[in-house]
Each structure stands twice: as structure tokens, then as C-alpha cells.
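Q: Below is the structure I would like to discuss, written out as C-alpha cells.
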Amino acid sequence: MNRIKNIKWSTFFLFAIMLGFLAACVEDESEAKKDIELSWSESTFPENDLPVTTGSFTIDVNWAYTQWIIKVEEVLEGDDFIEDITPRVAGSENFGNTTTRVAIRYKANESYSSNKIRLTLQASDGSGQKFEKILTQLGQEFTPLRINLNQDITHQKISGFGGGNMMWGTDFLSVKEIQLAYGTGTGELGLSIYRIRISPIRSDWPAVVNTVKEAKKHGAVILASPWSPPASMKSNNDLVGGYLLEENYDAYAQYLNDFVQFMAGEGAAVDIVSMQNEPDIQVSYESCDWTIPQILNFVKNHAQKIQGAKFTASESFNFNQSYTDQLLNDPEALANLDLVSGHIYGSGLAPYPLAEQKGVEVWMTEYLMNQNSGADINNWNRQEAVIWEETMGMLQTIHTSMISNWNAYIWWYIRRFYSFLGEGEQGTTREQTLRRGDAMAQFSKHVRPGYTRFSSGISEQRAIDITAYKGDNKIVIVLINKEESSIPALEIELPENYTSAKATVTSLNHRQNEVSISTENRVGTLELASKSITTIVIE
């Protein structure tokens, strides 16, 4: 019996010891968890800025009883260049006094600008101290580019840049909108050509007088284009489609002349009159079809009846030169023709050697880019980056027009959500300029009517378009940087008799903003923003 009692007491005693031991372990573990540790060894980070090439380095993270994460907290300059962090997440609540070696791999920097990020280490749940480290990666080395000018090699005279009035209805540009579009002050667009419609209904003519008068106050050249002759003169007695009956050619020429004389009598003189908007495309709105022989017949035998304004033909939909070649090659037709004109939808943007040979100006009189929102207004993407990418496409067409020796470039509506002034649709506001208008202003406000384009280039072949112009004792250089990166240094030597240089830039992040040009020993240096248009004016 005593032996049994002793066994019971021994068992109880051992059980009590075990409970005490487990309690002590729990107490020790609980105590240990209070001693959470987390830090990284500053000495394991690179001492200097990271090179432009791809590479890697390792750092030590010291921790105890915690899970943690390393991440790029913020991009301070340039781009996030960290390609991989291994491990990015690690640690444990059950282990202490551990050092984990972390490998960080980074990408090459293809740009000329430095990249800078903030790297952080913190407990995964966001608690506790956050450790931060600024990492900088060097940019590519850059040898300054140089602009080369040769004023002895000249090209075309510039007649101007413009846009169109609303062609239907009577909600035409207001006084303030005309000021924004044709003024040359801060934030204004400096357009110089105003395209209007010749209505096939005489009673409509007075409605356009006031807006033309306002544009004329700013020196705007007025181009008037008809979409259709009066229905009674056409084969189908309709304003849509059909063709002008030959027996009415003389009457139509007189109709165009009547419009010119009416506008002049109202103090709103028209400078150029067209015979037809897009004679070579069939559409479902106001229009008229013309064959090449019909155009030759009208220009050769009837256009001289239009007095008091210059005459142009034939505003082909895609500047099909065959529509005007026969006019340039016929002496009688050429005598009645002051300039050739066309649009660039789909094609047609190319030099016109025959027109140059005959000494006839070439005008691009209509084009638009609108993300296909004409088919459905909801196709318009309001993101500024998307709009700017399309605007860069617009700028490319202007540049190509200039190097093709064309004399004028005219956009479609001046006031439209995809154009130069807002109209209330798609988040735009009436009587306010849009970034696309600022892009056009880089040409229109500085390259004025009467200026002459001359030879220019850049010392290294890059994705940069350049044209140069002179007039009014100024030199104007327009640069379109199509590269994804900025150009750190572009140099221009001031020509003899010129003493100062200033510049403006429009891009996704700029709207006719002034650009700093440092000048030393008559050499100006400036930076070109990525995906931008910059205009330098030298006086």
C-alpha cells in the first residue's frame, strides 16, 4: 500500500514539474516575442550611385520573430529600375536572431536622366519602424547635339496655319474664341488662316459675317469652301451627291463670285475661294461629285468670273495630284488658278514638284484626328497621355507638310473636343484652349505668314524632326522630339547679328511653357523634353 502511495506521489510530482517547465517555456517564448527585431545593414548597400548597366547587389536583413517585406515605396526621379528582390517577403514569428541575405537585381537605364527610388523595409503587417534607403542609378552619358543652320539654302514661303469655323448651323466662334485662336499673346494660339463654308443657300450668308470680321481684326486670311452648289444647279436637284450640270457652270461661277462680293460689302472680305470641298469622295452629307475633265473645264472656262479673291482647286479628299496636274499643265486653266489645295485623309502627304515648277502654292486645307470619335463620340479616350500620343501624330503631319514645301496647313474645326478650343463635350469647356491647340501654336504663333523655310539639321541622326524659318529679323526653329527620353543638351550657335534666344515647349507635361536657354560664348544650350515640340526664337 505504501508503495502504491509513493508511486502516486512520484507521478504527481513529475506532472507538476512538467507543468512548471511548460509554463516557463511559454513564459520564455512570450518574453522572446516581445523582443521583435528588424533592421538592415547599411554597410551592405553600395556606397556609390548604381551604374547605367544592368547589375545586382546583396544586402543583409537582421530580424527576430517577425515577418517583413522590402519594396519600392516611391519613384523619386525617372523610372523604377528595380527588376527583382529575392526574397522580397521573408521572416517568421517563430524564429529569432536571424540574418537573411537579400539579392537585388536592377535593369539598365536607357535614358540620359538619373533614376531615383525610395526602398523600404518594414514588418509585413505595416507595424513597427520603417527603414528607408534612397537608391540612385546614373543616366547614360550624353554628348550635346548641335543644330546646324544654312540660311543660304531656302525653300518655300509660309502662308500660314489655320483651322475651320463650324460649317453648319450658326454657333460660330465667339469674340473670345477668335481672340484665343488668332491672338498671339500668352496662352493664345496665333492662327493666321480661317476656313469657312459657302452655304448653297444665299439667305445663310449673313450669319458668318461677324465671326469673319473678328478674325480679320487679327489679320486672318479667309478661305471659303463650298460643299455643294445650289441644288437647282445639280443633276439630282439635291445638296447631297450628284454633279453640277455643265449648262450651269457659268451660273455657279457667278454664285461663288456673288458670295465674294457680298462678304466684301459687309466688311468681311474673303481672300481665297475654292471651287469644291472633296470632289472625289461620295458621302451622305452635303457634297458634289466632279471628274477630272469637269474640273478642268470649270477652271479653264469659268473661274475667271470670280473676282476679288484668289482661286483654288480642288481640295481632293487625299490630295490626289491628278485632280490638279491637268490644271497646272493647261496654260489657260493655270492662268485662273492661284494655288492648289487638298486634304490628307489616308494619303496624299507628299511633295508636289509640278506645282513648285509652275510657281503655284500648295495648301493643305483640311485634316483631323479624333480617335474615330466621329463614328461614335464615346470612342474618345479622355486620358491625356492617349490624346497627346495622337497629337504627336498631328505634329508629324505638319512637319511633313513643311518639308514637302507646302505653304499652308489648315486643321478641321478650331472648336471641338479633339481640336484646339473646348466646346463642352468630353470634359472640355467653352472658351478655353486645349493642349492640342498649344501644340499647333508651337508652329502657328511663331512661324508667321511671309516667313521662309531654310535648310536645317542636327549633328546626329536622332528621332527629332527639325525645320527652320526666317522673317521679321527672327529665326524660328521648330523641334519635335519623338524619343521616349529627354535630350539633355541641344546646342545652337547664334548666327551673326543675332543676340538672344528664347524657347517654349508643349508636351504631355507642358503647355507653351518657357524653356531655359543658357547662352555662353554665343552658344545657346537647352534640354528637349521627351515626346514634345519645342520652338526656339532667335532675335
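The values are calculated or read from the model by the stated rules, or taken from the named source; none is laboratory data. Quick caveat, the model's predicted, so the values are computed rather than measured. All Cβ positions, glycine included, derive from the backbone under ideal geometry; neighbour counts span all protein chains shown. For accessibility, only protein heavy atoms count, side chains too; no ligands or nucleic acids. Shrake-Rupley method; radii C 1.70, N 1.55, O 1.52, S 1.80 Å.
Q: For region 267-310, what does the relative contact order come out to in percent, with C-alpha contacts under 8 Å and a separation of six or more?
A: Contact order relative to length: 46 percent.
Q: Using 0.36 nm times the number of residues separating Asn329 and Asp152, minus their current alpha carbon distance, what extension gain do you get?
A: 60.7 nm
Q: Still on this structure, please answer the following. In region 41-125, which trypsin sites (Lys or Arg not before Pro) are in a loop and have at most 14 other Cβ atoms within 10 Å, using DSSP for the loop call?
A: Taking region 41-125 and a limit of 14 other Cβ atoms within 10 Å, the loop trypsin sites (Lys or Arg not before Pro) found are Arg88.
Q: While we're here: Just read off the accessible area of Leu334 with the full protein assembly in place, 1.4 Å probe, to the nearest 10 Å².
A: Ignoring ligands and nucleic acids, Leu334 comes out at about 40 Å².
Q: Something else: Might you work out the accessible area of Ser203 for me, using a 1.4 Å probe with all protein chains in place, and round it to the nearest 10 Å²?
A: Around 90 Å² of this residue is reachable by solvent.
Q: While we're here: Along the positive direction of the dipole of the chain (beta-carbon charges: Lys, Arg +1; Asp, Glu -1; about the Cα centre), which of Gln461, Gln122, His446 reaches farthest?
A: Gln122
Q: Let me ask something additional. Going 7 Å from the Cα of Ser127 in the Cα-to-Cβ direction, what parts of region 83-116 have a backbone nitrogen less than 12 Å from that spot?
A: Residues 93 fall inside that zone.
Q: Now, a different point. Between [x] 20, 49, 26, 5, 0; [y] 14, 21, 10, 12, 23, 16, 4, 0; [z] 18, 38, 21, 12, 6, 3, 1, 0, which matches P(r) over Cα pairs in 20 Å bins from 0, in percent calculated for the structure shown?
A: Label [z] holds the value from this structure.
Q: Continuing with the same structure: Largest first, what is the accessible-area ranking of Thr519, Thr506 with a 1.4 Å probe?
A: Thr519, Thr506
Q: Another one. Let me cross-check Glu520: its accessible surface, 1.4 Å probe, with only protein heavy atoms counted, in Å² to the nearest 10?
A: 130
Q: Would you calculate the separation in nanometres between label points at Thr53 and Ile201, each defined as 7 Å from the Cα along the Cα-to-beta-carbon direction?
A: 7.5
Q: In region 259-335, which chymotrypsin sites (Phe, Trp or Tyr not before Pro) fall in coil by DSSP and have 16 or fewer other Cβ atoms within 10 Å?
A: Tyr285
Q: For region 223-379, with all protein chains present and a 1.4 Å probe, just round the carbon and sulfur fraction of the accessible area to a whole percent.
A: 48
Q: What length, rounded to one decimal in nm, is gained on full extension from Glu514 through to Gln261, with 0.36 nm per residue of separation minus their alpha-carbon distance?
A: So the extension gain works out to 86.7 nm.
Q: Classify region 424-491 as rounded, prolate or oblate from the Cα gyration tensor: take a ≥ b ≥ c as the square roots of its eigenvalues, call it rounded if a/c is under 1.5, otherwise prolate when a/b beats b/c and oblate if not.
A: Oblate.
Q: Oh, and also: From largest accessible area down, sort Val212, Val89; use a 1.4 Å probe on the protein chains.
A: Per-residue accessible area, sorted high to low, gives Val89, Val212.
Q: Using Cα-Cα distances under 8 Å and only pairs 6 or more residues apart, what relative contact order does the chain have, in percent?
A: Result for the chain is 13 percent.
Q: Quick one: Cα centre-to-centre distance for region 140-162 and region 401-437, in angstrom?
A: Going from one Cα centre to the other spans 24 Å.
Q: Here's another thing I want to ask about it. If amide hydrogens are placed 1.01 Å from N in the peptide plane, which non-local residues have theirs closer than 5 Å to the one on Gly160?
A: Correct list: Tyr409.
Q: Here is a further query. Which value, in debye to the nearest 20, describes the size of the charge dipole of the chain about its Cα centre when Lys and Arg Cβ atoms bear +1, Asp and Glu Cβ atoms bear -1, and nothing else is charged?
A: It comes to approximately 680 debye.
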